[in-house]
Amino acid sequence: MPASEKSGSNQVTPEPAKLDQVTLTAGDKSVVLPVQTGTLGSPCIDIAKLPSATGCFTYDSGFTATASCKSAITYIDGDAGVLMYRGYPIEQLAKQSSFLEVAYLLMNGNLPTSQEFAAFDSDVTHHTMMHEAFKGFLGGFRHDAHPMAMLVGMLGSMASFYHNDLDYEDPAERRLAAIRLIAKVPTIAAACHRYSIGWPLRYPRNNVPYVERFLQMMYEVPSEPLELNPVAAKALDLLFILHADHEQNASTSTVRLVGSTGANPYACVAAGVAALWGPAHGGANEAVLKMLGEIGKPENVGAAVEKAKNKESGFRLMGFGHRVYKNFDPRAKIIREMTHEVLNELGINDPLLDVAVKLEEAALKDDYFIQRKLYPNVDFYSGIIYKALRIPTEMFTVMFAIARTAGWVAHWLEQQEDPENKIGRPRQIYVGAPERDYVGIDKR
Ligand code: CMC
């Protein structure tokens, strides 16, 4: 069947119908279902009454057609390639804002005044240190542990440090938990990196901004001060802005699902990090670099594209395709331009960039990718920039996690204030054995 005839997730959404309610008939039963609309985006049929009225549930594997909550944080129009945080287009934020300001925006709903920003910056800066006992946790990891595994473990252990004294009913305490997460995740991430290479841990320094502080914690050795390259800091800040939030993606939905049970926020974010790690999600940036390395040179691109088209190969072009974007990923557009700029300014000539450019060109011309609306996503070029900044490949997804922490905590805060918040509890279509009688082991 040609891709255009399929009803899969690669189709462009048609113009939405204009309606207030929908009447659904299931056999001899009928139910009027209300339609809910937000400020932007497709209307949603509210199916909450469906089971009690008809005895039926809905099936939507992978949530391709289901809204799980109402949110005022991020808006995506996948067909038009639009991404906005709190109404501000990503292109404007990328050009004019900073990651910490974006984190404030996501958490609080509006851009800060200069006093509000100074207070927020100071709060984050003064919560960057880790409890000394964390060193004991770190010491328990094998020296070659993947840093994402360490990050999940370390964040999970944070729940034990800040549990008994946390009152979720108090908005100030919830905010403090959010600030601690934004502040400490870079410290923990850098500590994981240093542990894996056997360097002494580096304490955060308060007199430098957020991104520079992280780079210092990653790279400064006790024997000499680090000369920070402003190009590197600017590039990393921009990548953090682009990765800060992306509405109800797999990791954010995980944070919300865990959050819906009333779990500790550090445990919720640890669960989000685990979900991010998969190669279909945040792990793709690491997978892209490995793939480009394996392709090796531009001449091998054709064979890689053919392999990706062959379902039997089990190989996909990493950094290509997106559940929501069916036109282009606006973040990829910004990163592509930035990659060339950063490599030029840092004087780096990376042959993997030539492979990436050739691969993108070849895939965008290929019918398979055109029909399925598969475009480069945010992860396609980000790894090349991380590599230029000397970030080790296994740390790429950790970089994503540092940035996405801002989105995760914003969603957690929003959820805790949502009067409609209920424990997340999907249903299933049971396909197992029907009822049968137990047979003793001697008779089986
Ligand atoms: N290479 C080759 N074929 C692909 C690719 C790809 N990267 N992505 C999707 N397809 C094909 C897929 O085989 C299917 O073909 P067919 O219709 O013939 O069966 C069709 O395109 C639709 O794919 P899908 O898996 O149903 O689409 P999805 O919306 O469930 O998956 C995705 C989206 C991002 C998981 C997928 O495109 C993918 O695996 N991409 C590679 C991994 C990647 O780059 N992930 C990062 C996503 S962006 C960052 C983030 O959100 O974390």
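Points to keep in mind about this one:
- Partners for Lys29 among lysines (Cα-Cα distance below 22 Å; same-chain residues under 8 apart left out): Lys49
- Cross-link partners for Lys297 among the lysines, with Cα-Cα distance under 30 Å and sequence neighbours closer than 8 places in the same chain left out: Lys234, Lys307, Lys309, Lys311, Lys326, Lys333, Lys358, Lys365, Lys373, Lys387.
- If the segment from Ala118 to Val208 were pulled out straight at 0.36 nm per residue, it would be longer than the present Cα-Cα gap by 31.1 nm.
- Protection proxy ranking, highest mean first, for peptides 126-133, 206-213: 206-213, 126-133, where packing is the per-residue count of other beta-carbon atoms within 10 Å, averaged.
- With every protein chain in place and a 1.4 angstrom probe, the accessible-area ranking of Ile197, Ile241, largest first, reads Ile197, Ile241.
- Charge dipole of the chain (Cα centre as origin; +1 on each Lys and Arg Cβ, -1 on each Asp and Glu Cβ, all else neutral): 880 debye, rounded to the nearest 20.
- Model label points for Leu111 and Lys307, set 7 angstrom from Cα along the Cα-to-Cβ axis, are 4.6 nm apart.
- Screening the chain for whole DSSP H helices of 18 Å or more along their axis (Cα) with average Kyte-Doolittle hydropathy at least 1.0 returns 147-161, 230-243.
- Cα→Cβ-extended label distance, 7 Å offset, between Gln96 and Tyr59, nm: 4.9 nm
- Most positive-pole-ward Cα, Gly136, Leu106, Val124, against dipole of the chain from beta carbon charges: Gly136
- Placing pseudo-labels 7 Å out from each Cα toward the beta carbon at Ser30 and Glu417 gives an inter-label distance of 4.2 nm.
- Here the extension length gained between His163 and Leu19 equals 47.2 nm, from 0.36 nm per residue of separation less the Cα-Cα distance.
- Exposure ranking of Lys29, Lys326 by accessible area [1.4 Å probe, largest first]: Lys29, Lys326
- Accessible surface ranking that places the most exposed of Arg323, Arg180, Arg331 first, with a 1.4 angstrom probe: Arg323, Arg180, Arg331
- Loop chymotrypsin sites (Phe, Trp or Tyr not before Pro), region 52-129, which have at most 16 other Cβ atoms in a 10 Å radius of their Cβ (DSSP): Phe57, Tyr59
- Taking Cβ atoms as reference points and 12 Å as the exclusive limit, the residues near Leu50 contribute a net charge of +2, counting Lys and Arg as +1 and Asp and Glu as -1.
- Per residue, the solvent-accessible area of the chain (1.4 Å probe, heavy atoms of protein chains only, all protein chains present) comes to 51 Å².
- Charge dipole of the chain about the Cα centre (unit charges at C-beta), most positive-ward option of Ala67, Phe315, Ser260: Phe315
- Among Ala271, Ala287, Ala172, the largest mean-square fluctuation in a Gaussian network model of the chain, built with springs joining Cα atoms closer than 10 Å, belongs to Ala172.
The values are calculated or read from the model by the stated rules, or taken from the named source; none is laboratory data. Values in this document were obtained by computation on a predicted structure and should not be read as measured data. Reconstructed Cβ throughout: ideal geometry from the backbone, glycine too, with neighbour counts over all protein chains shown. Heads up: the accessible areas ignore ligands, DNA and RNA and are worked out on the full protein's heavy atoms, side chains in. Shrake-Rupley method; radii C 1.70, N 1.55, O 1.52, S 1.80 Å.
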